[in-house]
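K.L.:
Would you mind keeping the following structure in view while I ask a few things?
The values are calculated or read from the model by the stated rules, or taken from the named source; none is laboratory data. Here the structure is a predicted model, which is why all the values come from computation and not from measurement. Don't worry about glycine lacking a Cβ; one is built from the backbone with ideal geometry, like all the others, and counts go over all protein chains shown.
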């Protein structure tokens, strides 16, 4: 059985490329940009994960975002508007091991909201 965690030695770009390959080809999933020119993953046109300045940014329920912020795994995501977005969380490269499971959560969350 495949481990749910990414190998810690990956760079952020390589880890995100692995996530893109994992989700590419699933029905409704497209690759392209997230916010601005950052690479992103979408389901039915809605962003669920993107790579911004070497960190993974995912869309999750606000309560889950709060858990990740409280635990220290995640950091607030601000899209340049001066305040954090409540359903988005930044997962730094130092937590690469969390990228795969959190991307799966984001995919499920955004898929369920279609």
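K.L.:
Looking at (1) out of contact with any helix residue (DSSP H, G or I) (no Cβ under 6 Å at 6 or more places or on another chain); (2) surrounded by 20 or more Cβ atoms within 10 Å (Cβ to Cβ), can you tell me which one residue 81 breaks?
P.N.:
For residue 81, the failing item is (2).
K.L.:
Still on this structure, please answer the following. Out of curiosity, is residue 27 at pLDDT 90 or above and over 18 Å from residue 109 (Cα atoms)?
P.N.:
no
K.L.:
If you don't mind, there's one more thing I want to ask. When only residues in region 29-64 that are in a loop (DSSP other than H, G, I, E, B), touching a strand residue (DSSP E or B) at 6+ places or on another chain (Cβ under 7 Å) and free of Cβ contacts under 8 Å to residues at least 40 places away in the same chain count, which is surrounded by the fewest Cβ atoms within 10 Å (Cβ to Cβ)?
P.N.:
38
K.L.:
Got at least one residue in region 84-103 being surrounded by fewer than 12 Cβ atoms within 10 Å (Cβ to Cβ) and over 17 Å from residue 13 (Cα atoms)?
P.N.:
No, region 84-103 contains no residue that is surrounded by fewer than 12 Cβ atoms within 10 Å (Cβ to Cβ) and over 17 Å from residue 13 (Cα atoms).
K.L.:
Among the residues of region 12-19, is any part of a loop (DSSP other than H, G, I, E, B) and either loosely packed, with under 15 Cβ neighbours inside 10 Å or at pLDDT 95 or above (or both)?
P.N.:
No, that holds for no residue.
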